[in-house]
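Engineer: Attaching a single structure in structure tokens format; questions to follow.
Every number here is computed from the coordinates shown, using simple stated rules; none is lab data. If you're wondering where the values come from, they're calculated on a predicted model, not measured in any experiment. Here the Cβ positions follow ideal geometry from the backbone for every residue, glycine too, while neighbour counts run over all protein chains shown.
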Amino acid sequence: MLTLSVIKADVGGYVGHSSMHPDLESKAREELAKAQQSGLLIDFHVTHAGDDLQLIMTHELGEDSTDVHRLAWETFEACTAVAKSLKLYGAGQDLLVDAFSGNVKGQGPGVAEMAFTERPSEPVIVFMADKTAAGAWNLPIYRMFADPFNTAGLVIAPTLQEGFRFEVHDVMENKRIFFDCPEDTYALLAFIGAPARYTLRAVYSRANGEVAAVSSTQRLALIAGRYVGKDDPVCVVRCQGNFPAVGVVLEPFTHPHIVEGWMRGSHCGPLMPCALRDCQPRRFDGPPRVIGAGFQLANGKLVGPVDMFDDPSFDEARHTASMVADYLRRHGPFEPHRLPLAEMEYTTMPQLMKKLADRWESLDGKEARKVEAVKSRRGRY
Ligand code: F6R
Ligand code: MG
Ligand code: MG
């Protein structure tokens, strides 16, 4: 079995939170090359999405391998040292603990891993986003694997007609549920339509049980208990044959859907698909970006990448994203451009609340009783 591991972290931005200094990528390549020489890795590719360093690695040690996770952690530490020497912004930002303890999950970096037997031809796409949160993949993954208006194969290819199984995580309660589509479609949408809480973790083929897609679902703020930057998630999708074709895996990104993130992780904005060279969120620290690196796997070797959104047919999506960005920006600090209060709890809002706590005066009487009644009704959900 081959394992494809994508492990990422923001260990320092250049300039500010907008992009990555080339020395960080060089350092990461140097570290991973040593691991390849020692036989730990079969192959690797290092890239970045905005200010996030992306380690794409193949090996035979399965998911959650301590050796591979330690390698990623130590690589991020080595890159943090480079970031510190250049005084890059937020050096070591996503390394939330001092010492590695067996697995990078829950320690800051984002992880998407899948183990599978390589097919005679194995096309995969690694999607990487910046300035957004883990739930950003809910809509595009749903469309790839369950929407017949997106994915022609669901309608006309016998290989896809048995549908797909979706693993959804409740990131607040730390539990999971599986939905079998098409029959569970409506229930699936009831949950994943609320991506701040319910995130799509994985998709499996119902024809043969094989893993089709995995995503990183960690929410940095919930791990750290405070705002430390957005999750900037990754997602890996296997394509063709029993899985959706490359073209329909990319198709959902022609609609730059609204995701949370952007400036200070506190706003919503359109997810703009772009070429690797354009993944440098600048306007209002955004708008949020997604890049797609396509590979053919050959006995674990990563043949590629092809820059999947470096294609004029995504120009319209980029244009729409810019127009939506303009429109939303004009709301300034007002909702819904700024995130709803429940989400602001995971930003710097609690500090502001604390600062002003003494200045609030309570209102007595009828109005206050009405508010209490509404609050207790809300508590039921
Ligand atoms: C969003 C992000 C940026 C920063 C912003 C303020 O994920 O990383 O928008 O939140 O630039 O950064 P600090 O507080 O580090 O000055
Ligand atoms: Mg950053
Ligand atoms: Mg980032």
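Engineer: Just to confirm a number: summing +1 for Lys and Arg and -1 for Asp and Glu over residues other than I42 whose beta-carbon lies under 9 angstrom from that of I42, what do you get? Walk me through the intermediate numbers first.
Structural biologist: Values: positive: K301; negative: D43, E60.
With Lys, Arg at +1 and Asp, Glu at -1, the neighbours total -1.
Engineer: Which value in nm describes the separation of the simple spin-label points at Y327 and R277, placed 7 Å from the Cα toward the beta carbon?
Structural biologist: 3.1 nm
Engineer: Can you give the extra length, in nm with one decimal, that the chain gains between K301 and T159 once fully stretched, where that is 0.36 nm per residue apart less the Cα-Cα distance?
Structural biologist: Details: separation 142, 0.36 × 142 = 51.12 nm, distance 2.65 nm.
Length gained between K301 and T159: 48.5 nm.
Engineer: Among I291, I192, what is the fewest-to-most ranking by other Cβ atoms within 10 Å?
Structural biologist: I192, I291
Engineer: Placing one identical point scatterer on every Cα of region 1-115 and ignoring solvent, what is log10 I(q)/I(0) from the Debye formula at q = 0.14 Å⁻¹?
Structural biologist: Debye curve over Cα of region 1-115, log10 I(q)/I(0) at q = 0.14 Å⁻¹: -0.49.
Engineer: Given the -39500 (n - 2.57) contribution per DSSP H run of 4+ residues, what per-residue ellipticity at 222 nm results for the chain, rounded to the nearest 500 deg cm²/dmol?
Structural biologist: Numbers: 11 runs with 107 residues, N = 381.
Here the helix-only value at 222 nm equals -8000 deg cm²/dmol.
Engineer: Listed highest first by mean packing, meaning other Cβ atoms within 10 Å per residue, what order do 195-204, 245-254 come in? Numbers along the way, then the final one.
Structural biologist: On the way: 195-204: 22.2, 245-254: 19.8.
Ranking the peptides 195-204, 245-254 by packing returns 195-204, 245-254.
Engineer: Apply 1/(1 + (r/R0)^6) to the Cβ-Cβ distance of A207 and D67, taking R0 = 41 Å, and write down the FRET efficiency to the nearest 0.05.
Structural biologist: Working: r = 33 Å, r/R0 = 0.81.
In this case the efficiency is close to 0.80.
Engineer: Positive end of the dipole of region 1-115, charges at C-beta (+1 Lys, Arg; -1 Asp, Glu), about the Cα centre: which of H69, M20, L4 has its Cα farthest in that direction?
Structural biologist: Of the listed residues, the answer is M20.
Engineer: So if the hydrodynamic radius of region 236-381 is defined as the Kirkwood radius over C-alpha pairs, what does Stokes-Einstein give as its diffusion coefficient at 4 °C and 1.567 mPa s, in µm² per second?
Structural biologist: Numbers: Rh = 18.8 Å.
Estimated diffusion coefficient is 69 µm²/s.
Engineer: Beta carbons within 10 angstrom, averaged per residue: use that to sort the peptides 129-136, 95-102, 159-166, highest first. Before the final figure, lay out the partial values.
Structural biologist: On the way: 129-136: 28.6, 95-102: 13.2, 159-166: 19.4.
Highest mean packing first, the order is 129-136, 159-166, 95-102.
Engineer: Pairs to check: K27/K84; K105/K230; K230/K355. Give those whose C-alpha atoms are more than 20 Å from each other in this structure. Kindly include the intermediate steps, with their values, before the conclusion.
Structural biologist: On the way: K27/K84 13 Å; K105/K230 16 Å; K230/K355 24 Å.
Correct reply: K230/K355.
Engineer: Got a sec? Which residues in region 320-364 would a label at S376 touch, if it sits 7 Å along Cα→Cβ and we count backbone N under 19 Å?
Structural biologist: Residues 363-364 qualify, since their backbone N sits under 19 Å from the label point.
Engineer: Write down, largest first, the equivalent ellipsoid semi-axes of the chain in whole Å, where each equals the square root of 5 times an eigenvalue of the alpha-carbon gyration tensor.
Structural biologist: Output for the chain: semi-axes of 33, 27, 20 Å.
Engineer: Would you order Y89, Y327 from fewest to most other beta-carbon atoms within 10 Å of each residue's own beta-carbon?
Structural biologist: Values: Y89 17, Y327 11.
Placing the least packed residue first, the sequence is Y327, Y89.
Engineer: What is the Cα centroid distance between region 173-243 and region 7-58, reported in whole angstrom?
Structural biologist: For region 173-243 versus region 7-58, the Cα centre distance is 24 Å.
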